[in-house]
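Below is one structure; the comments refer to it alone.
The values are calculated or read from the model by the stated rules, or taken from the named source; none is laboratory data. From a predicted model like this one, the values you see are computed outputs, not experimental measurements. Positions of Cβ are generated from backbone atoms using ideal geometry, with glycine treated the same way; all protein chains shown enter the neighbour counts.
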Amino acid sequence: MFARLIADSFTRRPRRKLLTVAALSLGMAVVTAALSVALDVGDRLAAEFTSLGANLVVTPQADSLPLEIGGVDYRPVNSGAYLPESDLPKIKSVFWHNNIIAFAPILEVPVQAWSPASKNSFSPGVVENATLLGTWSQHALALSDGKEFVTSAEKTNSWWSVEGRWFTENADETLIGANFARKFAVKIGDSVNVAAAAKPAWKNLRVVGIIATGGPEDDAIVGPLSIAQELSGKPGLYRKLYVLALTKPEDAFAHRDPKTMDQKDFERWSCSPYVSSIAYSIQQVLPGSDVRVIRRIADSEGQILTRVRSLLWLVTLAALLAAALAVGASSAASVIERRSELALMKALGAGSGMVGFLLAAEQLLLAFVGGTLGYGFGYVLARIVGTKIFGVPPLPSFLVLGVVLALATVVTLLGSALPLRRATHCEPAPILRGE
Amino acid sequence: MGATSGNRSMFRRLLRRLLFANHGRLFVILLALSAGAAVSAALLNLQVDAKRRINSEFRAFGPNVLILPKSSLASFDATFSESTAKEIPESYPGGRVTVSSALYIAGRISISQTGKSISGIVAGIRPLMFLRIAVAPSGTDPGKPPLPNMPQGPVCISGQRIAARLGVEQNASLVITDGDHSESCTVFSLIHTGGAEDDRVEVELHQAQRLAGLPGRISAISLYVPGTSQQKADYVASLQKQFPDIEVRPLRQFSEAQAKIYSRISGLLTAATAIILILTALCVMAAMTNIAAERRNDVGMMKAIGGSARRVLHLFVTEAVVLGLAGGLIGAAAGIALSVVLGKAVFGVAAAPRLIVYPICVALTVIVAILGAYPLRRLVNVRPATIFRGEA
Amino acid sequence: MTTQPLVNPVASLQPAQQTPPQVVLENLVKEYGTLRALGGVSFNIQPGEWIALMGPSGSGKTTLINILGGLDTATSGRVTVNGQDITRLGESDLVRYRAEKIGFVFQQFHLVPYLTALENVMLAQYFHSVTDESQAVEALQRVGLADRLDHLPAKLSGGEQQRVAIARALINQPKLILADEPTGNLDEANEEIVINIFRELHQAGHTILMVTHDVDIARNASRRIELTHGHLTLDTTCNFLEQPKLCPHGKPFPSSGCCSTLDAKSCNP
């Protein structure tokens, strides 16, 4: 009988029911879209920020003070300390190893270069002084657990753009800087001969790409680390390491000095992927190293991320409130409209409780239908927004579905509660008379 | 319609009665409308503000254009005239360009108290503290902020690594010598950026020029150029044309990534704006449909006594417009004020009121209020008997 | 009681009828889906008549008066008022009809709750053409509400509200006054006042069609029409011309007396 009453009341006044469901759907769709995007945005934006390149730099602790201007290091050649390449696999053994996207060691060596193909200012026999910068490209690093980690300077220095392709290691290939190529009219496919103080014999390298960075690399030769090590007589060593890690924006807690923390705080600190705690853990596994955060990138990234997220959460909150308001009002209106119907039921002998229950059941059904529909639309909306902005749609989340249904239910019931109370406790007679 | 003034004054009379019939209800409806307008104005203002703020956040990434003497890689002694910096246009369609000049010299840095000294790079910068992110370096007592007051006399900033080597602390007195020139300064703060700044001491430009005996010369100019990729590219090209004897080099690391990230964020904020506008529409619509429901009987009765659909509708639509306008005007103003406070709470900086938001929110409220009266539009074409029966 | 379709009383009128009828209903049918509210009703209304429209609940009297007043439309049949066929009119024309030709008095008064008595009357003027405050004041004076002009309906008694409604109904000099249970919501004292007004209107020559279930009120009328189940089952006239009286079963009444004291028991089986 109860089911029949509900079914009956559902088919009556379909327009009003449709309006309520429409309000519910729209409100919940907006909430769903806002929630999905807000939950997702942190990860997406953090992934975008990786295009800024490495946020950590590692240098030998014992190194002399760099004389660096505009990215060029003017230190005399043999001064300074180096770090062993063999320690590098340990980086992937730290607690946050999954957040470490890439790392690339750098070793620079001053060389003399000449190219048989060059028709410009030099001819064979006349050599030029240049710098050869050695680094990794698609380097397969063997890890302690037997797996391989492929990393490359392409990731840590993502703004380096290469015309042609990157060199393959162990193949005597190299890149040359754009200015270098232009100055000496060297093209892809030509070969370049290099020699250094530690290795006077000419080494022949084939040019497979031209690199443009906007920095000092444009005037240099960028080749495999192993060749730089060979030429500088420093096998298995590097001087600078760039690390790219996915991090969590730092707050006041993150900035504290780990040495001053107690055990509990320290655990909490190192268990959060703050850039400073990742730096700390890398320093632990690379002996003799000095790991610094590239504040210019890390801090700004953190600031921007925090701001955008706060803003989106604010919007989501407002969405929740507004949806609640709209749905509540709509539901209240529909109850008010049916005052006479409710009064009639009471006049026929239905108790206030029964009437209230009937209406609540109806509203619940509406909430469920509207909420689910809204979730559906909202998810589609979130997909469109996510794909348009980030190229990747957000994942469907049961959490969001749950929140949306719960909200729809609570708001619909709350919205209809007050007018319902008034309607069921009023005397039926005046209402039926039409007052 | 209503050509006579008598009818016009009747219309106004009717409208007044309609609006002020029930003060309590009027208050509630205005409240709901203003709330909708306020929320959207607050959020819109924050969004508009945020776009501009985030754009300026990108400044914190540091300079994105470097100006160097041609083929400066030959040696770092190459310098060019300081007057070049003054000729760089500081404002252009993309925004305000920040300019900083620097002179790099190698010198001997010693602490006057201990006498300990080291060779290092000294950078003379103007303006000092350009685009710096001063962070409490780890390893030092985190409770010590930069000196609250500027000390007397020349100040300098020491990179954290060189400070560690030399044993420099805040407020230390440094003596810098280069050849027979000597200058002194007080350390104002230590910085730790993970970049070249960690390994050098920065002083005021003129002090460095005196030290090197190179008055009016600089080694490099750093620029922060805001704007879109195209605007930046045009600016750089025009600069290069303006100064053919020096090299204008855009730092690609920041230009490109910045543009991409900004477009993502901008897209997000636009989506958020759209959401906000939908929300306002929802709220206002909800408030207005409540009114429309109540006007139902009035519509039926007015039609029964001979009121034409046009006249009756005109009355109620005008009511909707007046309510929407009132709610919008009040609410949008409140919302903008709210956003200033919210900005302070969320971002630590009070949001600037962006005046464009005001008319948008008011217009939106009014439009949606009119739309909310739509059910009445349908109703005016229904027969009165149907309305009285309650079937409409 | 079965009813047979009524022979058009117009046909049986003596040819000496001088004035043409003001209202002619021909086979008026109104259906709501499968429900037949009116099953082919026909009669005429002469100018100046006061007709009491009676019948049990659900008989279709409100439907009929609504159609006459242009508040509802017929399913089929024809209604001609002052020479105008209102069943052919579109909604906007019906609006003009309601404004110009009809004065409607409702059982629930239907005054605008946020307008004063004076403004409620002026509202009808506003919708008709032009407002005229002095005319409205005069109309209210005539129903005895000169001192209640600025009162809101909530401040008026039921009888006073109905009087305002009557003033409103009359302000545009309608050709036909329709009243649907005008005293249904009033107590006896106020009922008396309102009926007195209607008596005055009748004496002044207005044509009145009044739906009522109260026999005593019906006594005031000059003619009584009864509907049962959507059919015309009784039609009396209070005219010195002997009009045929019809019983539910279609046979004529014995000619005794005039109008209001008839009831079914007097019928010859």
Scan of the range A:375-395 for residues that are without any contact (Cβ under 8 Å) to a residue 24 or more places away in the chain and loosely packed, with under 14 Cβ neighbours inside 10 Å, ordered by number: A:Ile384, A:Thr387, A:Lys388, A:Gly391
Consider B:Ala352 carefully, then state whether it is in contact with an Asp or Glu (Cβ under 7 Å, 6 or more places away or on another chain), farther than 30 Å from C:Leu68 by Cβ, surrounded by fewer than 19 Cβ atoms within 10 Å (Cβ to Cβ) and small (Gly, Ala, Ser). yes
Hits in the range B:148-198 - residues which are within 31 Å of the chain's Cα centre (by Cα) and surrounded by fewer than 16 Cβ atoms within 10 Å (Cβ to Cβ): B:Pro148, B:Asn149, B:Met150
If A:Val41 satisfies every condition in (1) among the β-branched types (Val, Ile, Thr); (2) under 20 Å from B:Tyr262 (Cβ atoms); (3) more than 9 Å from chain B (Cβ to nearest Cβ) but one, which is the exception? (3)
Can you tell me which residue within the range A:275-301, out of those that are in the same structural domain as A:Thr247 (by TED's automatic domain parsing) and of a type in the set (Ser, Thr, Tyr), is farthest from A:Ala46 (Cα to Cα)? A:Ser289
Candidates A:Ser310, A:Ser330, A:Ser334, filtered to the one that is under 22 Å from B:Ala50 (Cα atoms), facing chain B (nearest Cβ under 10 Å), part of a helix (DSSP H, G or I) and of a type in the set (S, T, N, Q): A:Ser310
Would you be able to tell me the number of residues in the range A:208-235 that are part of a strand (DSSP E or B) and free of Cβ contacts under 8 Å to residues at least 40 places away in the same chain? 0
Could you pull out every one of the strands (runs of 3 or more DSSP E) wholly within the range C:169-251 that has 1 or more residues that are modelled with pLDDT under 85? C:223-228, C:231-237
Go through the range B:227-238 and count every residue that is more than 14 Å from chain A (Cβ to nearest Cβ) and either at pLDDT below 90 or surrounded by fewer than 21 Cβ atoms within 10 Å (Cβ to Cβ) (or both). 7
Has the range C:98-115 got any residue that is more than 10 Å from chain B (Cβ to nearest Cβ) and more than 16 Å from the chain's Cα centre (by Cα)? no
Just to check your reading of the model, which residue among B:Gly343, B:Gly324, B:Gly335 is in a helix (DSSP H, G or I), in contact with a Ser or Thr (Cβ under 6 Å, 6 or more places away or on another chain) and more than 24 Å from C:Ala124 (Cβ to Cβ)? B:Gly324
Only residues that are free of Cβ contacts under 8 Å to residues at least 12 places away in the same chain and more than 9 Å from chain A (Cβ to nearest Cβ): list them for the range B:239-265, please. B:Gln240, B:Lys241, B:Pro244
Checked against (1) farther than 21 Å from B:Ala35 by Cα; (2) modelled with pLDDT under 85; (3) more than 9 Å from every other protein chain (Cβ to nearest Cβ), B:Asn297 satisfies every condition except (3)
Among the candidates C:Asp180, C:Asp150, C:Asp187, C:Asp132, which residue alone is more than 14 Å from chain B (Cβ to nearest Cβ) and either surrounded by fewer than 21 Cβ atoms within 10 Å (Cβ to Cβ) or under 15 Å from the mean Cα position of the chain (by Cα) (or both)? C:Asp187
With respect to the numbered conditions (1) more than 8 Å from every other protein chain (Cβ to nearest Cβ); (2) farther than 30 Å from B:Val122 by Cα; (3) in contact with a Ser or Thr (Cβ under 8 Å, 6 or more places away or on another chain); (4) not basic (Lys, Arg), which one is the sole condition not fulfilled by B:Met288? (3)
Output the residues belonging to the range B:1-28 that are in contact (Cβ under 8 Å) with a residue 24 or more places away in the chain and either aromatic (Phe, Trp, Tyr) or more than 14 Å from chain C (Cβ to nearest Cβ) (or both). B:Phe11
Hey, C:Tyr126 hits all of (1) facing chain B (nearest Cβ under 10 Å); (2) surrounded by fewer than 23 Cβ atoms within 10 Å (Cβ to Cβ); (3) hydroxyl-bearing (Ser, Thr, Tyr) but one; which does it fall short on? (2)
If you scan the range B:253-306, which residues turn out to be among the hydrophobic types (A, V, I, L, M, F, W, C), crowded, with 20+ Cβ neighbours inside 10 Å and under 30 Å from A:Ile211 (Cβ atoms)? B:Phe254, B:Ala257, B:Ile261, B:Ile265
Assess whether A:Ser272 counts as being surrounded by 16 or more Cβ atoms within 10 Å (Cβ to Cβ), assigned to a helix (DSSP H, G or I) and outside the structural domain of A:Leu414 (by TED's automatic domain parsing). no
Please verify whether B:Ser40 is crowded, with 18+ Cβ neighbours inside 10 Å, more than 11 Å from every other protein chain (Cβ to nearest Cβ), of a type in the set (Ser, Thr, Tyr) and assigned to a helix (DSSP H, G or I), treating the condition exactly as stated. no
Pair list, Cβ < 6 Å and 6+ apart or interchain, from the range A:154-179 residues that are under 19 Å from A:Phe103 (Cβ atoms) to residues that are acidic (Asp, Glu): A:Trp159/B:Glu256; A:Phe167/A:Glu173
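Residues are listed down the side, and each one gets a yes or a no for (1) modelled with pLDDT of 85 or more; (2) surrounded by fewer than 22 Cβ atoms within 10 Å (Cβ to Cβ):
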{"position": "B:Asn45", "(1), (2)": "yes, no"}
{"position": "B:Arg52", "(1), (2)": "no, yes"}
{"position": "B:Arg59", "(1), (2)": "no, yes"}
{"position": "B:Ser75", "(1), (2)": "no, yes"}
{"position": "B:Ile118", "(1), (2)": "yes, yes"}
Can you list residue pairs whose Cβ atoms sit under 6 Å apart, with the first residue in the range B:269-281 being facing chain A (nearest Cβ under 9 Å) and at negative phi and the second being in a helix (DSSP H, G or I) and surrounded by fewer than 22 Cβ atoms within 10 Å (Cβ to Cβ)? Count only pairs 6 or more apart in sequence or on different chains. B:Leu269/B:Lys51
Within the range A:278-293, take every residue that is within 14 Å of chain B (Cβ to nearest Cβ), assigned to a helix (DSSP H, G or I) and of a type in the set (Val, Ile, Thr) and give me the one that is nearest to the chain's Cα centre (by Cα). A:Ile278
Selection within the range A:195-206 - crowded, with 17+ Cβ neighbours inside 10 Å and farther than 18 Å from A:Gln138 by Cβ: A:Ala196, A:Lys203
